[in-house]
Amino acid sequence: MATTTSHVPAQPPDSFWRRLSTFLYQRPWLILLLLLGPPLLLLGVVYLGSLITLLINSFFYLDGFTGQIVRSFSLRTYAELFTPANLEIIQRTVSMAAAVTIADSLLAFPVAYFMARFASTRAKTGLYLAVLLPLWSSYLVRVYSWKLILAQEGIVSWFFHFFGIQGVLDALLTLPRIGGTSLSVSPLGIFIVFTYTWLPYMILPIAAALERVPQSVIEASGDLGARPGTTFWRITLPLAFPGVVAGSIFSFSLTLGDFIIPGTLGNSSYYLGQAVLAHQGTSGNLPLAAAFTVIPIVVMLLYLSGAKRLGAFDAL
Amino acid sequence: MHSESQRAPWLLKLATAAVIVFLHFPAVIIILYAFTTDDRTFTFPPPGLTLQWFGVALQRSDMWEAFGLSLRVAVIATGAALILGTLAASAVHRSKFFGREAISFLVILPIALPGIVTGIALRSAMSLGNIPFSFLTIIIGHATFCVVTVYNNVIARYRRTGKSQVEASMDLGATSFQTFRFVVLPNIATALLAGGMLAFALSFDEVIVTTFTAGQQMTLPIWIFSQLTRPRQRPVTNVVAVFVLLITFIPIIIAHRLTQDTSAE
């Protein structure tokens with residue numbers, strides 16, 4: 001770094017930039033304002049402002065006769081939201097989010113445990129990259145790929161046929177509520193793809209929580225006579241639990257608001273995200289779409305306050 | 001490191017390997033299907049392999065238009081994220097002020113809430129303000145969730161480098177601008193590059209927020225999504241999907257390298 005300073009050109013003492021620099025230096029609040037102003041304009045004014053207009057919109061309603069949105073305060077849209085058909089959508093989405101979260105924590109734990117406890121430094125770097133790549137990239141492409149994988153003529157069916165166990169697959173697909181004509185148009189398929197898609201979001205916080213469990217605590221447990229299994233259940237797992245909760249924030253929240261995955265792999269029964277999309281689009285009922293979106297916001301606020309109590313934010 | 005002393009149980013190794021394979025399986029499959037000769041169904045194993053779809057894809061003008069739009073959106077959103085993320089990180093790092101904690105929260109919010117919330121919120125604001133869909137509305141949507149990648153990288157770098165170099169520079173008579181240009185910027189350059197790469201990858205294949213802010217405009221992910229419901233030459237979609245995969249993979253690997261190098265120093 002010392003070498004870079006030698007490039008600094010000599011400046012006359014009263015140059016414009018020097019005077020401006022001094023002027024600003026004497027007014028730290030002005031610097032703060034200049035630094036914070038632009039990001040706050042986007043995130044504080046435009047983004048938070050938009051969230052507020054979302055709330056406002058949910059109290060407007062669509063006039064059934066004219067098809068126009070009436071911009072005056074009313075609870076009519078919320079009454080429409082809590083009709084049995086819409087409640088079923090909400091219930092379907094929330095139970096899917098819960099199922100996906102449980103499946104993700106079960107799948108993520110071994111990987112995170114291996115990464116944090118056993119992997120060499122090199123292997124750890126590789127594993128982190130292997131988990132980060134699907135987290136940051138090409139979400140849509142990977143969902144689309146699942147359509148090919150789960151299709152009736154795709155590789156999963158081929159696999160079952162190859163081993164002569166297509167009966168198992170057929171039996172799964174005839175199950176009420178989760179089955180369908182093929183994996184690519186069934187709730188089971190949606191569940192698989194949701195679980196797949198949010199898995200990296202679960203692995204990383206659990207690994208981070210496990211990394212923070214001090215080796216000395218594990219050793220102390222062993223010294224005091226606990227067997228490895230006991231140490232795992234009584235020491236490691238409780239200490240890693242905040243990481244599981246932190247990961248579940250993502251898997252739960254992202255499932256609630258997604259419409260791409262059920263749109264790609266689902267049948268005709270809607271999930272919350274699809275309902276929002278349909279209401280703001282073709283039917284032009286933006287107020288109802290907004291009211292629908294309030295549900296995941298409320299569910300997540302409740303979830304976050306619970307997660308905070310369990311110490312999840314220290315694990316993020 | 002404690003890890004060398006113990007060997008992992010084979011069952012744990014197996015489970016880890018299985019999950020890692022699971023995570024990358026779809027990418028392999030989509031690459032395979034870009035070469036299939038079957039243009040109506042998704043038959044596995046593919047009846048034959050061909051390169052023809054790459055040529056067909058390159059000649060589709062609708063694909064190129066969508067690609068161009070996505071590229072422009074990603075570049076401008078990344079630029080906005082670089083500027084805004086650096087500004088916010090600098091403010092939080094250099095001074096203590098009321099609501100400082102809230103800034104980190106506010107920056108993370110657009111990525112922690114489901115994309116549909118950001119999407120429908122912006123859509124509501126546009127409806128209320130009678131703002132028509134435009135290139136700018138897409139950019140605003142993308143910028144909100146891209147800021148976090150730059151912010152996180154830059155603030156992590158700031159924490160590692162401390163404030164002594166900046167103070168030394170000012171003590172030696174440099175102006176704030178010179179200090180930023182010759183001391184701060186070289187220090188955070190790789191963090192900016194890493195954050196920018198992640199922002200680019202996030203923006204380039206974003207589809208949920210874009211759906212609500214694009215109107216009739218088609219970005220590449222929206223183009224792919226529309227091909228799902230109205231398929232025309234299915235393998236072409238597979239080829240385009242492979243392009244998107246590569247365009248988003250490469251920046252992430254570079255970003256990973258960049259952050260890895262500096263933490264190893």
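The values are calculated or read from the model by the stated rules, or taken from the named source; none is laboratory data. Nothing here was measured: the structure is a model prediction, and the numbers come from that model. Here the Cβ positions follow ideal geometry from the backbone for every residue, glycine too, while neighbour counts run over all protein chains shown.
Of note:
- Leading residue by the ranking (nearest to A:ALA290 (Cα to Cα)) among those in region B:87-122 that are in contact (Cβ under 8 Å) with a residue 24 or more places away in the chain, out of contact with any Pro (no Cβ under 6 Å at 6 or more places or on another chain) and facing chain A (nearest Cβ under 7 Å): B:ILE120
- Tallying residues that are free of Cβ contacts under 8 Å to residues at least 60 places away in the same chain, among the aliphatic types (A, V, I, L, M) and more than 7 Å from chain B (Cβ to nearest Cβ) within region A:16-55 yields 10.
- Note on region A:166-216: residues that are under 27 Å from A:THR236 (Cβ atoms) and assigned to a loop (DSSP other than H, G, I, E, B) amount to 3.
- Candidates A:GLU153, A:GLU211, A:GLU219, filtered to the one that is under 30 Å from B:TYR33 (Cβ atoms), acidic (Asp, Glu) and more than 21 Å from the chain's Cα centre (by Cα): A:GLU153
- When A:SER137, A:SER184, A:SER157, A:SER145 are checked against the criterion of being in contact with a Gly (Cβ under 9 Å, 6 or more places away or on another chain) and under 30 Å from B:PHE243 (Cβ atoms), a single residue qualifies: A:SER184.
So that you can scan it fast, the table gives a plain yes or no per residue for (1) modelled with pLDDT of 90 or more; (2) surrounded by fewer than 17 Cβ atoms within 10 Å (Cβ to Cβ); (3) not acidic (Asp, Glu):
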{"position": "B:MET1", "(1), (2), (3)": "no, yes, yes"}
{"position": "B:SER5", "(1), (2), (3)": "no, yes, yes"}
{"position": "B:TRP10", "(1), (2), (3)": "no, yes, yes"}
{"position": "B:TRP53", "(1), (2), (3)": "no, no, yes"}
{"position": "B:ARG72", "(1), (2), (3)": "yes, yes, yes"}
{"position": "B:ALA80", "(1), (2), (3)": "yes, no, yes"}
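- Selection count, region B:5-62, where residues are in a helix (DSSP H, G or I), in contact with a strand residue (DSSP E or B) (Cβ under 9 Å, 6 or more places away or on another chain) and of a type in the set (Phe, Trp, Tyr): 1
- Residue within region B:197-214 that is closer than 29 Å to B:GLY115 by Cα, more than 8 Å from chain A (Cβ to nearest Cβ) and surrounded by fewer than 17 Cβ atoms within 10 Å (Cβ to Cβ) present: no
- Applying the criterion of being within 7 Å of chain A (Cβ to nearest Cβ) and hydrophobic (A, V, I, L, M, F, W, C) to the residues of region B:233-252, the residue that is surrounded by the most Cβ atoms within 10 Å (Cβ to Cβ) is B:ALA241.
- Evaluated against (1) within 24 Å of B:ILE103 (Cβ to Cβ); (2) surrounded by fewer than 17 Cβ atoms within 10 Å (Cβ to Cβ), B:ASP171 falls short on exactly one condition, (1).
- Scanning region B:12-49 for residues that are modelled with pLDDT of 85 or more and of a type in the set (Gly, Ala, Ser), we see that the one that is nearest to A:SER120 (Cα to Cα) is B:ALA17.
Every residue, every condition in (1) at the interface with another protein chain (Cβ under 7 Å from one of its Cβ atoms); (2) closer than 21 Å to B:THR16 by Cβ, yes or no:
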{"residue": "A:PRO110", "(1), (2)": "yes, yes"}
{"residue": "A:PHE118", "(1), (2)": "yes, yes"}
{"residue": "A:ARG122", "(1), (2)": "no, yes"}
{"residue": "A:ALA130", "(1), (2)": "yes, yes"}
{"residue": "A:PRO134", "(1), (2)": "yes, yes"}
{"residue": "A:SER138", "(1), (2)": "yes, no"}
{"residue": "A:VAL141", "(1), (2)": "yes, no"}
{"residue": "A:TRP146", "(1), (2)": "yes, no"}
{"residue": "A:ALA151", "(1), (2)": "yes, no"}
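- Segments classed as helices (runs of 4 or more DSSP H), wholly inside region A:25-128, with at least 2 members that are among the aromatic types (Phe, Trp, Tyr): A:84-117
- Test: residue in region B:57-78 that is within 26 Å of the chain's Cα centre (by Cα) and facing chain A (nearest Cβ under 8 Å): no
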